[in-house]
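The values are calculated or read from the model by the stated rules, or taken from the named source; none is laboratory data. For clarity, every value in this text was computed on a predicted model and none was experimentally measured. Every residue, glycine among them, receives a Cβ derived from its backbone with ideal geometry; neighbour counts consider all protein chains shown.
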Amino acid sequence: MSSSSASDNIITTKISHSLVNVNKFTNNFLVDKLTPSIEQLNTTSTSQESAPNEVDLLKVQESFQQLYYLVGAQNEGELVTPQGVKQKRKDKKLKTGSSKKNKIPTIKLLELKKILENVKDLKFQSDGSPQQELYCSIANHLNNFVSVYSLMIIYAHLTDTLIDSTISSNEHLLYWDSVNDSNLKKWIYLVQVSPERLFQVVRSIAEDFKKRVLNPEYFENNSFLRVENERGPEEEGDRWPSNTEEDNEFYYVVNRARQLANVLYLSTTKTIKKLMDSLSIPSYLFMQLNSRKSFTKKFIGNKGPLDSFRALGVYSKIIIGAPIRSVSFEIGEKRSVINANIDNIAFDLGTLITRLPTKEFNELDTLKEFVETGASSQVSSIIEELESILKLKTFGSVNEKLYCIVEGIETYKRESTTSHISPPSFWTRNWPIIFILLKFGPRTSLDLFNNRNEIYDWIRLNLYETVRGFINNWLIKPISDMVSVIRHDDSSTEFSITTKESLQSDLDSLERMVVDYALDYEKGDFTSQNIGAIKEEINKAVKEGNLTILMSKYEQDLRTPFKSTVNGSLPRGLLIQLQKTKVDGAIAINGIDKLLKSQQLVFGMVSISPSLIIVYQVWQLIKNQLYNKPMVLNAKQINLMCLKSLNNIEKYLNIYSEVSQDQKTYIEGYLLIEILNLKRQSLKVLPRNIQEMWIKDLNDINDGEWSIEGRLRTMSRIWSVYGHYFR
């Protein structure tokens, strides 16, 4: 069985629950019922040599033992057998299941077929002796257990077979829908299948040509194909000027060639006409098939020039669009077949859902009745439902019917091949690309190899160096400068427009100039004792910007400019004022520099902002392409497909109570199909931590034991909890 589908649909989930109950019943029945019978059989068998049914009993015991281990019904590794009350498990290969997992073990259909083949023809009839009665009783009980387990496994296998067929059909339908979306995809599909279609057309023409040529009556019934071996009357004129043997042979060859050409023409026109009819394309748009009138005479005739041009334009447009129309018609036919197949599968799945054997296998009385008597109307009804789905009519015992059903499932798998509606094969889809690679790949590869150094240099210069320079100069360096500003690193002078040492040197020079000027031109009592104090006073005044000493002398020099110029006091005062202006400018620039340094962090953020924006946008682009981009399957967004499935599920639930019982069977099947599609698609969108809860909620919707109101409430909860993942 397919593990993927057997573990997450409502049918196999319920069967797995019933399997737990059957396993418990089996273990209790073995201990309470069969153990005393086996002990009694072992006691009575010691007084007799052998029993007639012992070989058949061993076959049943072996089949039951295999199923017992395969379904994981064993209790602490012990099994009741006719050879002893308890037998330890020895074959580790049989450890394939456990009832604690609450899942149907993986049992191949071929294994079940071999088990049923071993017991299907066995019949146990007692001759009236006590030992025979015990043998028949034990054998029938074990045989009925084989039937119960086989029926459950068959039910799960048939479900998986139908589900696999549904999944395959949905994948095919999805592909054809994607091709049907645009004319470009139709042209691509036409190019992909053109070699195969051309080969089919040529083969059809060749087969028809061969059939016509090999049929002698065909030439006799078509006068225009008949060879003219006899010469005509002389009065009608000779077709050939000579009646020699060579002329007759040449005449025969020419007529035979004409015949074959006519046959080839008829075979070609017949094949193309059949092809056009199959695609609903009027064949007269291409050629006149039933007569040899020309296309121009057929469609233009005696019409006027304007009408003729219009007609030619219309027909030309139709002819040009014929390939797309043929593809559209083909896709439509395949989609119709797929939808019809899905309809049939939906009804079969709905039948399986509405006729689940869980009720019979969960009721101990029904189960006990079947195990003890081998007859149960409920079990017979289940087998009839399986036969109707597989279109079988079986006879014989229960195991014989189950064996025929297993063969029917195998036949269904073989006959359910969908090659005529499946997408083209890998080679058909990719031959244009392969052809281009084979045609231009070697030369292109050689050119790339010969120019590898130039290509490497171009990539290094235009890609590597550009990205590296951007990262180093516009990301790492600005961030490093900002870090230096934050930690108040004085070594960083990146944002300085002046230096502290430059301002101090200008100020010291101004102080010395003013002091020397005052000592040289001011009249005062300068002695060696007070000259130090006078210098300190002048320096203090200069630092405060007070140049009264200089300006008073300067005002006096302006009264006698020529004299002051000659003795040098006026030029000297002007130069000192020029130095003062330089110092004032340096102080102003220093203030601006301090202001800029106080805002270095702001400027750093502004300078790095464009780089960060570029990096952020590039990251968002990559993230959207890799993570947040809507997932696409066959050119369809998965989230939109999930929304469509959710909408269909809610639509089916809304109309469920208003339809007939047969339509309800269809709806149950369609619900299961839509839920399976939704599970497969949504697991690629939903987070892993909620997938288990999501699957449980979907199974609740498909649970026929729930009321419609409860299922609709579950649907509302699904929209509110999971809806945002699909929008």
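Within the set SER496, SER528, the sole residue that is modelled with pLDDT under 80 and within 60 Å of the chain's Cα centre (by Cα) turns out to be SER496. Being loosely packed, with under 13 Cβ neighbours inside 10 Å and within 24 Å of LEU174 (Cβ to Cβ) holds for only one residue in TRP431, TRP427, and it is TRP427. Residues in segment 641-674 that are among the acidic types (Asp, Glu) and either under 17 Å from ASP697 (Cβ atoms) or not assigned by TED's automatic domain parsing to the domain that holds SER707 (or both): 2 in all.
Residue-wise test of (1) at pLDDT below 70; (2) more than 28 Å from the chain's Cα centre (by Cα); (3) within 27 Å of SER178 (Cα to Cα).
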residue: LYS303; (1), (2), (3): yes, yes, no
residue: ILE318; (1), (2), (3): yes, yes, yes
residue: VAL327; (1), (2), (3): no, no, yes
residue: GLU333; (1), (2), (3): no, no, yes
residue: VAL337; (1), (2), (3): no, no, yes
residue: ASN344; (1), (2), (3): no, no, yes
residue: THR351; (1), (2), (3): no, yes, no
residue: ARG355; (1), (2), (3): no, yes, no
residue: LYS359; (1), (2), (3): yes, yes, no
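Filtering segment 557-585 to residues that are over 25 Å from GLY545 (Cβ atoms) and β-branched (Val, Ile, Thr) leaves THR560, THR565, VAL566. SER445 meets the conditions (1) at pLDDT below 85; (2) surrounded by 11 or more Cβ atoms within 10 Å (Cβ to Cβ) in every case but one. The failed one is (1). Does at least one position in segment 122-129 carry a residue that is surrounded by fewer than 21 Cβ atoms within 10 Å (Cβ to Cβ) and part of a helix (DSSP H, G or I)? No, every residue in segment 122-129 fails to be surrounded by fewer than 21 Cβ atoms within 10 Å (Cβ to Cβ) and part of a helix (DSSP H, G or I). Quick check, is ALA635 at pLDDT below 85 and farther than 30 Å from HIS724 by Cα? Against the criterion (at pLDDT below 85 and farther than 30 Å from HIS724 by Cα), ALA635 does not qualify. Checking the stated criteria, SER611 turns out to be under 24 Å from ARG487 (Cα atoms) and in contact with a helix residue (DSSP H, G or I) (Cβ under 9 Å, 6 or more places away or on another chain). A single member of GLU385, GLU400, GLU410 is surrounded by fewer than 22 Cβ atoms within 10 Å (Cβ to Cβ) and over 15 Å from LEU162 (Cβ atoms), and it is GLU400. Screening the candidates PHE370, PHE347 for the property of being part of a helix (DSSP H, G or I), surrounded by 14 or more Cβ atoms within 10 Å (Cβ to Cβ), touching a residue at least 12 places away in the same chain (Cβ under 8 Å) and not assigned by TED's automatic domain parsing to the domain that holds GLU133 yields one hit, PHE347.
Kindly provide the set of residues from segment 584-613 that are touching a Leu at 6+ places or on another chain (Cβ under 9 Å) and of a type in the set (Ser, Thr, Tyr), ordered by number. Result: SER611, single match. Beta carbons closer than 7 Å, at least 6 apart along the sequence or on distinct chains, pair a first residue in segment 597-614 that is touching a residue at least 60 places away in the same chain (Cβ under 8 Å) with a second that is charged (D, E, K, R) and buried (at least 16 other Cβ atoms within 10 Å of the Cβ) for GLY604/ASP481. Restricting attention to segment 570-603, the residues that are part of a helix (DSSP H, G or I), polar (S, T, N, Q) and modelled with pLDDT under 85 total 3.
Of all helices (runs of 4 or more DSSP H) completely enclosed by segment 611-727, which ones contain at least 3 residues that are more than 20 Å from LYS14 (Cα to Cα) and not small (Gly, Ala, Ser)? Step through it out loud before you land on a result.
On the way: elements: 638-655, 661-682, 691-701, 708-722.
Fully inside segment 611-727 and qualifying: 638-655, 661-682, 708-722.
For segment 513-522: of the residues being of a type in the set (D, E, K, R) and surrounded by 14 or more Cβ atoms within 10 Å (Cβ to Cβ), which is modelled with the highest pLDDT?
Taking the candidates together, the pick is ASP516.
Residues that are touching a helix residue (DSSP H, G or I) at 6+ places or on another chain (Cβ under 7 Å) and at pLDDT 55 or above number at least 2 in the following helices (runs of 4 or more DSSP H) confined to segment 1-115: 10-29, 35-45, 54-70. Filtering segment 397-423 down to residues that are without any contact (Cβ under 8 Å) to a residue 40 or more places away in the chain and among the polar types (S, T, N, Q), which residue is farthest from LEU174 (Cα to Cα)? Once the filter is applied, the top-ranked residue is THR411. Restricting attention to segment 553-574, the residues that are in contact with a helix residue (DSSP H, G or I) (Cβ under 7 Å, 6 or more places away or on another chain) and closer than 15 Å to ALA518 by Cβ add up to 6.
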